[in-house]
Amino acid sequence: MKREKWIGFFGGSFDPPHLGHLLAAVYALKRFELDEVWFVPAYRHRFAKKMAPYADRVRMCELLIRGMPHLRVSTVEGERRSDGKTLKTLLALRKKFPRLHFSLLIGSDLLKETGKWHRFREIEERFSVLVVPRGAATDGGIAIPDISSSEVRRRRKNERSLAELVSPDVAAFIVENDLYSPTRSSQPPPRTS
């Protein structure tokens, strides 16, 4: 069966999504000649880390990529109430979209952590893994900033500007919804019975 499109699967907590995520997605589109990059916010963190509510993280991803036709947000993890295992999500997407080819996008900073992933070798065997350089110049001389979500949260907690780290729309959403402020703690997703 012919595969129609090549999709970059860009998973993560996106707590919150920032400009480094956006630049990495655009870099991957061009560098790997992808048809689309799908942002896939984690429903649950694989290692039980507390996160902002899932719906808020999905909305911030939508705001981050607004107006960019080759980027989209997938809610597959929320629909499946996923346990955070990337392989299971990729297999679910392959089953749902059999004519699409999915490749995992991973930042170079995460390569040292793949030993903790659920069956990462199987991901490599069944899906291609595309590495996006982070914090250093790429082979084309492009430097993708080493921005972290934890830095965004830290700035917000200390009531500092989020400019240059997130898009104006994401910054406004964070403020309007009182995310990451000293008066509000991150909440885990609701438990299922």
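The values are calculated or read from the model by the stated rules, or taken from the named source; none is laboratory data. These figures come from a predicted structure and were not determined experimentally. Note that each Cβ is placed from the backbone with ideal geometry, even for glycine, and that neighbours are counted across all protein chains shown. These accessible areas exclude ligands, DNA and RNA; they are computed on the full protein's heavy atoms, side chains included. Shrake-Rupley method; radii C 1.70, N 1.55, O 1.52, S 1.80 Å.
Laid out as a table, the results:
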| item | result |
| --- | --- |
| Cross-chain or 6+ apart pairs with Cβ under 7 Å, the range 60-89 first and in a loop (DSSP other than H, G, I, E, B), then of a type in the set (K, R) | S82/R44; S82/K88; D83/R44; G84/R44; G84/R46; K85/R46 |
| Residue match in the range 161-170 (condition: closer than 17 Å to M51 by Cβ, surrounded by 12 or more Cβ atoms within 10 Å (Cβ to Cβ) and either in contact with a helix residue (DSSP H, G or I) (Cβ under 9 Å, 6 or more places away or on another chain) or modelled with pLDDT of 90 or more (or both)) | yes |
| Enumeration of residues in the range 159-174 that are closer than 17 Å to G67 by Cα and assigned to a loop (DSSP other than H, G, I, E, B) | V166, S167 |
| Members of the range 5-37 that are among the hydrophobic types (A, V, I, L, M, F, W, C) and without any contact (Cβ under 8 Å) to a residue 60 or more places away in the chain | V26, L29 |
| Hits in the range 80-113 - residues which are open to solvent by 50 Å² or more (accessible area, probe 1.4 Å) and within 15 Å of the chain's Cα centre (by Cα) | L110 |
| Residue in the range 111-125 that is touching a strand residue (DSSP E or B) at 6+ places or on another chain (Cβ under 9 Å) and either modelled with pLDDT of 95 or more or at positive phi (or both) present | no |
| Test: residue in the range 4-14 that is over 23 Å from F120 (Cβ atoms) and among the acidic types (D, E) | yes |
